[in-house]
Amino acid sequence: MNALRTFTLGSIALALAGGAGAQDKPVELKLAHWVPAQHALATTGFIPWGKSVEAASGGSIKVVIFPAQQLGKAPDHYDLARDGIAQMTYVNPGYQAGRFPIFAGAALPFLVDKPGPASAALDTWYRQYAEKEMKDVKVCLAHLHVGTIHSKTPITEPGQIKGMKIRPANGTVAQMVSTLGGTSVQVSAPEARDALSKGVADAITFPWLSIISFGIDKTVNYHTDMRLYAAAFVWAMNKPWYDALSAKQKKVIDDHCNNEWAARVGKDWGDLEDSGKAKLAAMPGHTIVPMSPAQIDVWRKAVAPVYDEWVVEAGKAGIDSKKALADLKAELAKTGGAY
C-alpha cells in the first residue's frame with residue numbers, strides 16, 4: 001500500500017510539474033528598434049525592460065534585441081510587429097504621415113515640457129484610441145521626448161524657416177515646417193546625418209543628446225533653446241504571439257506594458273536627451289541660441305494653424321477631435337507634463 005501510495009503521489013507531482021512546464025514553456029521575444037545599439041533609449045529603455053521581463057517570467061520569456069534597423073527600416077517597424085517579423089517593435093508613427101492621424105496630436109508644437117509626466121499623459125490618453133487606430137497590433141506603451149531645431153545658421157524667428165529645407169521629426173512637425181514656408185526633407189533619424197552633410201537639408205528637428213549619438217553634431221552648430229515639439233512613439237506587439245502566451249506570461253507582459261513603464265521610459269530617456277544641451281554647449285564650435293518668452297510667443301502664434309489642421313484630420317478618423325485635444329491638454333496638466 002505504501003509503495004502504491006508513493007507511486008501515486010509521485011505520479012501526481014510529475015503531472016503537475018509537467019503541466020506547469022507546459023504552461024510556461026520558453027518563448028522568445030524579438031524586440032526590434034532602429035536607434036544605435038548604445039543609444040540612450042536602448043540603455044535606459046529597451047535593455048532594462050527586457051531584463052525585467054526575463055526576471056519576472058522566471059526566464060520563460062527570453063528577450064532578444066535587434067537594434068539599428070537590423071530587421072527592417074525605421075518606417076517599417078509597425079508592420080514588422082503586425083506581420084510577426086518581430087514580436088515587439090519601436091514605432092515612430094509620424095514616419096508614415098497620415099496613417100495614424102489621432103496619435104499625431106502628441107507631436108503638436110509647444111504642447112509638452114517634462115518628458116516623463118508628458119509620457120504618462122500620452123500613454124493614458126492614447127489607450128482609448130489605440131484599438132481603433134492601431135488595431136493590427138497590441139500597443140504596449142506610448143512615450144515621447146521633447147526636441148527643438150538644430151541648424152547650420154542661428155534660428156530665432158519663425159520667419160527664418162521660409163525657404164529652408166528641414167528634416168522634420170514626424171508628419172506633424174512637417175506640417176509645421178510647411179506652415180512656416182519651409183520644405184520638409186523626409187528621412188528617418190538614421191539617414192538624417194547624411195542628408196545634412198550633403199546639403200539636402202539645412203536644419204533638423206531632433207532631441208538634444210541624439211544630435212551627438214547619431215553624429216549629427218558634425219553637421220549642425222546652432223541649437224535653438226525652446227521646447228518646440230514632441231516626438232511620440234509606441235512599442236507595438238504582435239497580437240498572435242501575445243495571444244499564445246500562458247496566463248502567467250501574459251501577466252508579465254501586461255505588467256510591463258502599462259502606464260508606469262511608459263512614464264519610466266519617457267523620464268529616463270527624455271531627461272537624458274535633455275542633458276545633451278549642456279554637452280553640446282561645452283563642445284567647441286557649438287552655440288546654444290537663447291530664446292525669450294516673448295520670442296517663443298511669436299512662434300506659438302505662427303504655428304497655431306497646425307492645431308487647426310490636426311483637428312480636421314483627426315476628425316476624419318471618426319473621433320471628436322476637439323474633445324480629444326482638450327482631453328490631451330487636461331491629462332498633460334494633470335501629470336505636470338504640459339508646456
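Relative contact order of segment 192-339, taken over Cα pairs closer than 8 Å and 6 or more residues apart, is 29 percent.
Using 0.36 nm per residue of separation minus the Cα-Cα distance, give me the extension gain between residue 135 and residue 283 in nm, one decimal.
48.8 nm
Normalised by the number of residues in the chain, the average gap of Cα pairs under 8 Å and 6 or more apart makes the relative contact order 26 percent.
Here r is the Cβ-Cβ distance between residue 294 and residue 25 and R0 is 56 Å; the resulting FRET efficiency, rounded to 0.05, is 0.35.
Among the trypsin sites (Lys or Arg not before Pro) within segment 109-218, which fall in a DSSP loop and have no more than 12 other Cβ atoms within 10 Å of their own Cβ? Numbers along the way, then the final one.
Numbers: sites: 127, 132, 135, 138, 152, 162, 165, 193, 198, 218; in loops: 135, 152, 162, 198.
Filter output for segment 109-218: 135, 162, 198.
Loop-located trypsin sites (Lys or Arg not before Pro) in segment 52-105 (DSSP state other than H, G, I, E, B) with a sparse environment of at most 16 neighbouring Cβ atoms within 10 Å: 73, 99. When you filter the trypsin sites (Lys or Arg not before Pro) in segment 273-339 for DSSP loop state and at most 14 other Cβ atoms inside 10 Å of their Cβ, you are left with 316.
Helices in the chain, meaning DSSP H runs of at least 4 residues, each add -39500 (n - 2.57). Divided by all residues, the mean residue ellipticity at 222 nm is -14500 deg cm²/dmol. Straight-distance candidates among the lysines for linking to residue 162, with alpha-carbon spacing under 17 Å and chain neighbours fewer than 8 residues away dropped: 152, 301. Which label marks the calculated value of mean projected area of the Cα convex hull in nm², given the options (1) 16.8; (2) 19.4; (3) 18.6? Only one listed value fits the structure, namely (2). In whole angstrom, note down how far apart the Cα centers of segment 94-131 and segment 212-291 are. First find each Cα centre; the distance between them is then 13 Å.
Positive-end ranking of 84, 246, 203 along the dipole of the chain, with charges on Cβ about the Cα centre, is headed by 246.
Give the shape of segment 256-325 as rounded, prolate or oblate, defined through the alpha-carbon gyration tensor: a ≥ b ≥ c are the square roots of its eigenvalues, a/c under 1.5 means rounded, and otherwise the shape is prolate if a/b is larger than b/c and oblate if not.
Details: a/c = 3.46, a/b = 1.32, b/c = 2.63.
Oblate.
Counting 0.36 nm for each residue step from residue 312 to residue 73 and taking away their Cα separation leaves a gain of 83.0 nm.
If a/c stays under 1.5 just call it rounded; otherwise compare a/b with b/c (prolate if a/b is bigger, oblate if not). Do that for segment 9-160, with a ≥ b ≥ c from the square roots of the Cα gyration tensor eigenvalues. Walk me through the numbers before you get to the answer.
Working: a/c = 2.48, a/b = 2.23, b/c = 1.11.
Prolate is the answer for segment 9-160, as a/c is 1.5 or above and a/b outweighs b/c.
Each Lys and Arg adds +1 at its Cβ and each Asp and Glu adds -1 at its Cβ; summed about the Cα centre, the chain shows a dipole of about 260 debye. In the chain, taking the dipole from charged Cβ atoms about the Cα centre, the farthest positive-side position among 270, 166, 286 is held by 270. In terms of its C-alpha gyration tensor, segment 177-227 has an oblate overall shape, because the principal axis ratio a/c (a ≥ b ≥ c, square roots of the eigenvalues) is not below 1.5 and a/b does not outweigh b/c.
May I ask for the net charge around residue 200, where only other residues with Cβ less than 13 Å from the Cβ of residue 200 are counted and Lys, Arg are +1 while Asp, Glu are -1?
Details: positive: 152, 165, 167, 193, 198; negative: 191, 194, 202.
Result for the local shell: +2.
Throughout, read-outs are computed from the coordinates displayed, never taken from laboratory work. Remember, it's a predicted structure, so these values are computed and weren't measured experimentally. Heads up, the Cβs are rebuilt from the backbone with ideal geometry, glycines too, and the neighbour counts pull from every protein chain shown.
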